[in-house]
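Each reported figure results from applying straightforward, stated rules to the coordinates on display, with no laboratory input. Because the structure is a prediction, the values reported are computed rather than measured.
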Amino acid sequence: MNVSLGQGVLVYQGAKVSALQPSGQPPLATAAPKEAGGAAAASDRVTISDAARAMAAKESGATQARTAIQEKLLADAASGGPQFAARMAEEMATSSSTIFYDISEYIASGVAFKLDKLSSTGRRVDEAFKERMTTEMAAIDAQRQALYNAEKAKGTNPVDIIAKMIDFTNAQSRDYLEASYWLGR
């Protein structure tokens, strides 16, 4: 079980974001099979292996490559229409990072506990880590907001803005990804 101490937290990992799609929106059309010898349709889907994705992340300076959940988030944003994607981008830009703690020991024992176990990996952290993450998270949130504002001002497609914010977040320190429950999500 996870608990987040903070406000305005938007959790995407594993959520079926497509459930937020406005009613009346048509579902994504599926591509018709391509004819023998014909060119690939614009909607044909290409996937890469986990090894290739990791290699691309390493070359781009990212701490982790885009995950399947992040790719689904982008697909859901694209299928939900421009207003839906714009709302998702804004929410992602304005959500505050926070440390996610594992409280399973408290639930099991029912006694007081210390918030020192990260929910993503079970790693025990000290007060110095918490203070460093608080500072780092505030800076990352400000940079993500600036990225969003700059891209929105340029008229960038909201789905592309979300992709840029995901890539920006994936490029952060392993400690940040682990503390914010973004690692591997």
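The H on the amide N of residue 102, modeled in the peptide plane, is under 5 Å from the matching H of 117, 118, 119, each at least 5 residues off or on a different chain. Here the alpha carbons of the stretch 78-185 define both size measures, Rg and Dmax, at 16.4, 53 Å. Fully extending the segment from residue 131 to residue 83 would add 13.6 nm, taking 0.36 nm per residue of separation and subtracting the current Cα-Cα distance.
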